[in-house]
Amino acid sequence: IAPRLQLRDPRIEHLGWALKAELEADMPSDPLYADSIGLALATHLLRRYAAPAPAPAMAGQALSRRQLARVLELIEARLDQRLTLAELAAAAGLSPSHFKPLFKASTGLAPHQFVIRRRVERARALLLDGSLPMAQVALDAGFAHQSHMARAMRRVLGITPGALRRERG
């Protein structure tokens, strides 16, 4: 990337502000989020400002069944823990930059979005079971706290945990 003076790029600013907000948050979210922002920034810099080089075509490519199964198994086993893009990519035997588009081609979702949806699905099942308090459900599903779970559920399912539990009852 050639040096440029007084460059103003709104996308770089947006990604920088998102990363700054994540780093300054009282309860930062999953490392996958910060990894994804960093990867988006690197991709943008290379696409926009690097000298063009022929790239291998990845259109139509996806993870093999075996790779996808290993990654999904890791996600399920560690859904209640922090996951990084590097860990998921390692399970597939790929670098994070190669893993991310192949995972999206295989599942239709970026890794971070996929993990959040799986956490929401687990939280939904635990809430419908009704045997655990909401704060424990949030932790068991991999959310940082109850309000983190509530925001994710509202975004993904369009319903809050309390409303879901009331519908069950």
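Annotations
- Sorting the Cα pairs of the chain by distance into bins of 10 Å, from 0 upward, gives 9, 31, 31, 20, 7, 2, 0 percent per bin.
- The chain, relative contact order [Cα under 8 Å, separation at least 6], %: 18
- Over the stretch 79-169 - Rg/Rh using Cα atoms and the Kirkwood inverse-distance radius: 1.05
- Degrees, to the nearest 10: 96-107 long Cα axis against longest axis of the chain: 50
- Accessible surface, the chain, averaged per residue in Å² (probe 1.4 Å): 61
- Carbon/sulfur fraction of accessible area - the chain, other protein chains in place, 1.4 Å, %: 56
- Measuring nothing but how far apart in sequence close Cα pairs (under 8 Å, 6+ apart) lie, relative to its length, the stretch 120-167 scores a relative contact order of 38 percent.
- Just checking the listed ones, ALA18, ALA91, ALA51: in the Gaussian network model of the chain with Cα springs under 10 Å, the one fluctuating most is ALA51.
- Dipole in debye (nearest 20) - the stretch 1-150, about Cα centre, beta carbon charges: Lys, Arg +1; Asp, Glu -1: 640
The values are calculated or read from the model by the stated rules, or taken from the named source; none is laboratory data. Keep in mind that what you see is a predicted model, and the values were worked out from it rather than measured. Methodologically, a virtual Cβ is constructed for each residue, glycine included, from the backbone with ideal geometry; neighbour enumeration extends over all protein chains shown. Accessible surface is based on the protein model in full, side chains and every heavy atom, while ligands, DNA and RNA are left aside. Shrake-Rupley method; radii C 1.70, N 1.55, O 1.52, S 1.80 Å.
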